[in-house]
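Have a look at the structure below, then the notes.
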Amino acid sequence: MSETIATRAAYGETMAALAKDYPDVVVLDADLSGSTMSKKFADVCPERFFNIGIAEANMAGIAAGLATCGKKPFIHSFAMFATGRAWEQVRNSIAYPGLNVKVIGSHGGLSVGEDGATHQCLEDYAIMRAIPGMLVVSPCDGPAMRLATKALLDYEGPAYMRLGRLAVESVTDEIPGYTFQLGKGFQLRDGSDVTVIATGMMVQEAVKASDALNAQGVSVRVIDMATIKPLDEEIVLKAARETGAIVTSEEATVLGGLGSAVCECVAAGCPVPVVRHGVQDEFGRSGAAKQVLAAYGLTADGIIESVKKVLALKK
């Protein structure tokens, strides 16, 4: 039976499990360690954990200073604050000098639910992707998150990774030969009529949509694009050539994130119809997570509708 776990929980467990193997890693949190799960690291290595308080910009600056001294800082807050409130410091103090700091944004997307629009960060992919040299990662489930966390611990340079609040079913652990590599997508389902390229928790919905459409005679390829930047252009262009139509799916605004990255790649390398599935230039709203996701069409049914749209364009 597949594991059901929030990616933030899988992240916290992995950081704690590997803490002793990475003595130069230090963890900073903006007074949200119980939510970001950085508390797991604090339980194991309290001497390397620092609660900076509700001061995200200061946290980014402190992390930059620690990085210049040879430490490997991981900084934590809700995605809205890690990428929004501290954006200038992340850009100028961390990314501009190319420092080895990892920005971890928890509670990204609509699935924050009842916290509402002010906390439902839909722009993090876009604004972090816009920073030169910034790696942008969004694993879809617990097993992928564990592999991604280990990869980030070994990666040198600035990076952003989104964690989810909601527990999600694991899909990658059921895929024979599944591997995780920064900067690479992974094909979860093969198909010849259309490709769905998804990131984060929309990967699970893409798999459900693929299975439903395959039963209707539509052959759907599914790609898990855990790294949004740098985009795996090879797997995207291969899908464009072989299926002739693409749907992108993300729990974020369609402006500037995965959908935009794929459109830029396809327009330059193999023009085919692309439909971007996600939040359409709107803010979120408060409500139970699954109800909010459904209200914005971020479901398997929403992906199916997008597939029908792109197949109509393909004709």
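Taken together, the values in this text are just the output of simple stated rules run on the coordinates, not laboratory data. Values in this document were obtained by computation on a predicted structure and should not be read as measured data. Here Cβ is always computed from backbone atoms with ideal geometry, including for glycine, and neighbour counts include all displayed protein chains.
Brief remarks follow.
- If you run the Gaussian network model on the chain, springs between alpha carbon atoms under 10 Å, then out of 257, 34, 191 the most flexible one is 34.
- Local electrostatic count, residue 56, Cβ distance below 11 Å [Lys/Arg +1, Asp/Glu -1]: -2
- Pairs beyond 23 Å (Cα-Cα), from 150/184; 184/238; 208/290; 40/72; 39/208; 20/40: 39/208
- Amide H contacts for residue 137 (H built 1.01 Å from N in the peptide plane; partners 5 or more residues away or on another chain; cut-off under 5 Å): 160, 161, 162, 228.
- Sparse-neighbourhood loop sites, GluC sites (Glu not before Pro) in the range 203-297 - DSSP loop, at most 13 other Cβ within 10 angstrom: 282
- The range 4-169: relative contact order in percent, alpha carbon pairs under 8 Å with at least 6 residues between: 29
- 77, 2, 306 arranged by Cβ crowding within 10 Å, fewest neighbours leading: 2, 306, 77
- Our estimate of slack between residue 173 and residue 214, defined as 0.36 nm per intervening residue step minus the Cα-Cα distance, is 12.6 nm.
- For the options 272, 112, 203, a Gaussian network treatment of the chain with springs between C-alpha atoms closer than 10 Å singles out 272 as fluctuating the most.
- Under Karplus coefficients 6.51, -1.76 and 1.60, residue-wise ³J(HN,Hα) of the range 239-256 in Hz, glycine/proline x: 5, 4, 5, 8, 10, x, 7, 9, 10, 9, 9, 8, 8, 6, 5, 6, 8, x
- Under conditions of 4 °C and 1.567 mPa s, the range 7-157 yields 86 µm² s⁻¹ as its translational diffusion coefficient, taking Rh as the Kirkwood radius over Cα pairs in the Stokes-Einstein equation.
- Among 11, 96, a tally of other beta-carbon atoms within 10 Å of each Cβ gives an order, fewest to most, of 96, 11.
- Taking amide H as placed 1.01 Å from N in the peptide plane, residue 116 has its amide H under 5 Å from the amide H of 287, each at least 5 places away in sequence or on another chain.
- A simple count of charges around residue 73, restricted to other residues whose Cβ falls under 14 Å of its Cβ and scoring Lys, Arg +1 and Asp, Glu -1, yields 0.
- The range 102-194 shape via C-alpha gyration tensor axes, a/c threshold 1.5: oblate
- For the range 200-312, average projected area of the Cα convex hull in nm²: 6.9
- Taking the fewest neighbouring Cβ atoms within 10 Å as the starting point, the ordered list for 138, 286, 111 is 286, 111, 138.
- The chain, relative contact order in percent, only Cα pairs under 8 angstrom and at least six apart counted: 17
- Using a Förster distance of 22 Å, the FRET efficiency for residue 96-residue 71 (Cβ separation, nearest 0.05): 0.75
- The alpha-carbon positions of the chain define a convex hull whose volume is 119 Å³ per residue.
- Zone of residue 237's modelled label, taken as backbone nitrogen in the range 254-268 under 15 Å from a point 7 Å along Cα→Cβ: 262-268
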